[in-house]
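Peer 1: This structure is in structure tokens; I'll ask about it shortly.
The values are calculated or read from the model by the stated rules, or taken from the named source; none is laboratory data. Keep in mind that what you see is a predicted model, and the values were worked out from it rather than measured. Don't worry about glycine lacking a Cβ; one is built from the backbone with ideal geometry, like all the others, and counts go over all protein chains shown.
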Amino acid sequence: MITDPEKLTLLYERFRDVCLVEKEVWKEIFMPRDLSQGPVRTNIQDRYEVEIDDPEVEAALDANIALGAAALGAAVQEYRRHIRFYRKD
């Protein structure tokens with residue numbers, strides 16, 4: 001499970017953006033590799049699984065998609081304790 005606060009901030013933002021673009025993308029998020037590790041190929045992505053531990057939270061997030069980025073971003077922040085990210089190898 002990802003616990004680094006900086007990485008979580010980026011993942012929550014990316015989660016919001018992905019949900020706005022394609023509602024069905026709930027279980028998988030892509031994020032560029034950390035550049036502090038040195039040069040990396042830009043087309044390589046880390047993969048993350050997303051787990052939402054409460055169906056009501058998932059429904060609330062889903063309902064906020066139609067309201068736009070600000071509303072969805074606020075909902076993601078409100079329910080962030082119910083959203084977990086796991087890095088896939």
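Here is a yes/no grid of residues against (1) assigned to a helix (DSSP H, G or I); (2) modelled with pLDDT under 80; (3) out of contact with any Lys or Arg (no Cβ under 8 Å at 6 or more places or on another chain); (4) closer than 19 Å to residue 89 by Cα:
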position: 7; (1), (2), (3), (4): yes, no, yes, yes
position: 24; (1), (2), (3), (4): no, yes, yes, no
position: 43; (1), (2), (3), (4): no, yes, yes, yes
position: 46; (1), (2), (3), (4): no, yes, no, yes
position: 49; (1), (2), (3), (4): no, no, no, yes
position: 67; (1), (2), (3), (4): no, no, yes, no
position: 72; (1), (2), (3), (4): yes, no, no, no
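Peer 1: Going through the range 51-65 one residue at a time, which ones are loosely packed, with under 12 Cβ neighbours inside 10 Å and either modelled with pLDDT under 55 or out of contact with any helix residue (DSSP H, G or I) (no Cβ under 7 Å at 6 or more places or on another chain) (or both)?
Peer 2: 55, 56, 59
Peer 1: So which residues in the range 66-78 are within 14 Å of the chain's Cα centre (by Cα) and free of Cβ contacts under 8 Å to residues at least 24 places away in the same chain, if there are any at all?
Peer 2: Across the range 66-78, the qualifying residues are 74, 75, 78.
Peer 1: Condition first: farther than 18 Å from residue 59 by Cβ and at pLDDT 80 or above. Now tell me which residues in the range 13-22 satisfy that.
Peer 2: Within the range 13-22, 13, 14, 17 meet the criteria.
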